[in-house]
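Here's the structure we're looking at; comments come further down.
The values are calculated or read from the model by the stated rules, or taken from the named source; none is laboratory data. As the structure is a prediction and not an experimental result, all values here were calculated from the model. Virtual Cβ from ideal backbone geometry, glycine too; neighbours counted across all protein chains shown.
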Amino acid sequence: MKNIFLLISLFFIISCGSDDAVEPEQEMEGVIIPDDQEEEEEEEPDDENTTDFSIPDIVVVGESFDDNLSLFMMQWDQDYSNSTVTDIEAQINILNPSVLSSSGESFFIKELGNNNPDIFKYDLNNTIPEVYSYDTYFSDNTDDTSVSIRNARTNYLSGYFFDGNSPGFSESIYTYNIATGVSKTALLENIDFGLTKIFNSYVVSLGSEFSNSQETILHIFSPETEQETLLPFNEYSTVVYNNLTNELFLFKGSGFITDYDIFNLDSFEITGSASLQAAILLFGVFPDAYFYQDKMFYGGVEASPAGGNQTPAVYDFSLGEKLVFDPFLMLTAISDAGIPIEAILSMNLDLTTETIVVGFQKDGIYGQNEDSGGVAFLTYGYEIKRIIETGNVQTENVILKD
């Protein structure tokens, strides 16, 4: 804002000088404007002082405000002048569709409450899904064996299954490559897993020993090479994937954290340790994070101005500083733009265009407002870039396209 104000002030001085017929090269408040340069300076923009109002491309996937068993997808053309709405529930004909996972290329849908669900993959540039039936992605389907798909990413489905015919406590990590149709299984004895995440093509799972629930274990598995390793996890709290270096950052401790070990996924070993210069707060074992240039975005999903757990933030490795964004200032900016906002449903950051992306619900009676959803795009300084309407579609899943 300071740079913009200085630029406006300069134009004001130039304008006043012209109206008052100031002599060429006359000094005005320390600014000398030669007669032959006055017109040229007025026409040339100062790129360094111009706010970038470009915004990312998005896709919204959400329920309608009056039917929590529904699911819709909203897409826009490049300038957001026209939108397309797809009724996912009607299209795939399942009772309670839910977003399993999403990325900048696609998202996956499964039916909640179904122990043997089909999986539907939607490309963000398409409205027709690819369908992977349960019998297709898990051929070992018997009364004693069934798989629970917990995560999906680009070309992989992954989860766990317990084989009732196996002796003792044996649980397996199961991965299915939807591009090749090849499945891989990693059998693990005496370990009960509960969380899994796919980073690129690597399946990372957290569990504990059946005989000692206090002993947590991190399992890292590559379906492509069949490499796997088990790491004691008690000293760690959070796993972050660096998409630029293909490494896992294993953060130590809890609460505000700084120290982490580096696990290289190419060599499958811990290759070093490092510390952040500013302590950050990460939520969950596998928080959403993304690296761009020398910055890391973290947090930013399912947040609320009234005590939400996560807030969008950026850590700058080159400066050793963090920038944490304030949901109250987002809410205020949207309200000041004339939108009667009731709640923030989601928050995210686009590091490329330096844009805060806020999904919100307008103020109204829940379930009776047919025009109550929207997405706001803000600068890092909480200036509104643009606001788009989503009608009756909730904005709890705002996906940034790659």
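Quick notes on this structure:
- Any hit, segment 198-216, residues being under 23 Å from S102 (Cβ atoms) and charged (D, E, K, R): no
- Single condition K110 does not satisfy, out of (1) in a loop (DSSP other than H, G, I, E, B); (2) touching a Pro at 6+ places or on another chain (Cβ under 7 Å); (3) not β-branched (V, I, T): (1)
- Going through (1) farther than 16 Å from L206 by Cα; (2) loosely packed, with under 14 Cβ neighbours inside 10 Å; (3) without any contact (Cβ under 8 Å) to a residue 24 or more places away in the chain one by one, N234 falls short only on (1).
- Restricting segment 78-102 to residues that are under 21 Å from the mean Cα position of the chain (by Cα) and within 14 Å of L124 (Cα to Cα) leaves a set whose member that is surrounded by the fewest Cβ atoms within 10 Å (Cβ to Cβ) is Q78.
- Residues of segment 90-144 classified as within 25 Å of T180 (Cβ to Cβ) and of a type in the set (A, V, I, L, M), total: 8
- Lone unmet requirement of (1) in contact (Cβ under 8 Å) with a residue 40 or more places away in the chain; (2) surrounded by 14 or more Cβ atoms within 10 Å (Cβ to Cβ); (3) farther than 29 Å from D363 by Cα; (4) of a type in the set (G, A, S) for S346: (3)
- Members of segment 258-304 that are at pLDDT 95 or above, of a type in the set (A, V, I, L, M) and surrounded by 18 or more Cβ atoms within 10 Å (Cβ to Cβ): L265, L276, M296
- Of the strands (runs of 3 or more DSSP E) lying entirely inside segment 117-213, those carrying at least 2 residues that are surrounded by fewer than 18 Cβ atoms within 10 Å (Cβ to Cβ) and modelled with pLDDT of 85 or more are 130-132, 183-189.
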